[in-house]
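See structure below.
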Amino acid sequence: MPKLTVYGTPVSTYVRTVRLLLETAGIDYDLESVGIFNGENETDDYLAKNPFGKVPTLGIDDELLYETAAIAPYLDAVFASTQFTPAAPLAQARMRQVMSIVDSYLYTPVIGSIVIQRLIVPSQGGKTDEAKVKAAVEPAKKQLTPSKH
Ligand SMILES: N[C@@H](CCC(=O)N[C@@H](CS)C(=O)NCC(=O)O)C(=O)O
């Protein structure tokens, strides 16, 4: 079993995705905190692990893997007997479709605006920018409305 290390901010939604999978499958790992609110993700040390300065990054012994859409299937295939991936190709494609929609369209209004403004800013003593929240509600609703498929 390789040594697995998750580098990232615990509250991050993408870090949570990777940790949910690890925890649910009972896979041993270490968590090394890299703060995205205090600039730790922009240090030379972290940028050497992940040149985009995003969390999470997964350490697998001496290897480093980043991008949640790469990390999750890797962990599922190697350590969880693909229990988190549907076997049927169409169901698998639907899963990737949802993941891609979240990454490409939903993250910015929901996390980047609503969660940051309503949760993170007040938790750090700041004041919510209600205009940013308001502007994000319609795009978020649109992305959350199921399509006919
Ligand atoms: N495409 C990346 C996105 C990860 C991401 O956006 N993480 C956020 C936290 S939820 C982050 O690192 N933000 C720090 C920043 O943008 O400076 C992935 O799938 O892992």
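Summary table below
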read-out: Student exercise, the chain dipole from Lys, Arg, Asp, Glu Cβ charges, in Debye to nearest 20; value: 1020
read-out: Lysine pair number, Cα distance threshold 18 Å (strictly under), the chain, separation 8 or more or different chains; value: 4
read-out: Loop-located chymotrypsin sites (Phe, Trp or Tyr not before Pro) in the range 34-86, at most 11 other Cβ atoms within 10 Å (DSSP); value: 52
read-out: Probe 1.4 Å - accessible area at residue 78, Å² to nearest ten; value: 80
read-out: Nearest-10 value in Å² for the accessible area of residue 105, using the 1.4 Å probe; value: 120
read-out: Cβ-based charge dipole, the chain, positive-most Cα from 65, 52, 135; value: 135
read-out: Accessible surface, 1.4 Å probe, highest first, among residues 54, 49; value: 54, 49
read-out: Simple spin-label estimate for residue 1 and residue 27 in nanometres, 7 Å along Cα-Cβ; value: 1.2
read-out: Anisotropy class of the range 4-79 from Cα gyration tensor, a/c 1.5 cut; value: prolate
read-out: The chain: calculated mean residue ellipticity at 222 nm from DSSP helix runs of at least 4, using -39500 (n - 2.57); value: -11500 deg cm²/dmol
read-out: Cβ-defined net charge surrounding residue 133, 14 Å radius [Lys, Arg +1; Asp, Glu -1]; value: +2
read-out: Residue-by-residue Karplus 3J(HN,Hα) for the range 66-82, coefficients 6.51, -1.76, 1.60, Hz, glycine and proline x; value: 10, 5, 4, 5, 9, 5, 4, x, 4, 4, 4, 5, 8, 10, 10, 6, 6
read-out: Amide H partners (placed H, <5 Å) of residue 6, local residues excluded; value: 30, 31, 32, 59
read-out: Centre separation in Å (Cα based) which lies between the range 1-58 and the range 92-107; value: 21
read-out: By accessible area with a 1.4 Å probe, ligands and nucleic acids excluded, highest first: order of 47, 58, 20; value: 20, 47, 58
read-out: About the Cα centre, charge dipole magnitude for the range 4-79 (Lys/Arg +1, Asp/Glu -1 at Cβ), debye; value: 360
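The values are calculated or read from the model by the stated rules, or taken from the named source; none is laboratory data. Quick caveat: nothing in here was measured; it's all calculated off a predicted structure. Cβ sites come from the backbone with ideal geometry, for glycine too, and all protein chains shown count toward neighbours. The accessibility values were calculated without ligands, DNA or RNA, using every heavy atom of the protein model including side chains. Shrake-Rupley method; radii C 1.70, N 1.55, O 1.52, S 1.80 Å.
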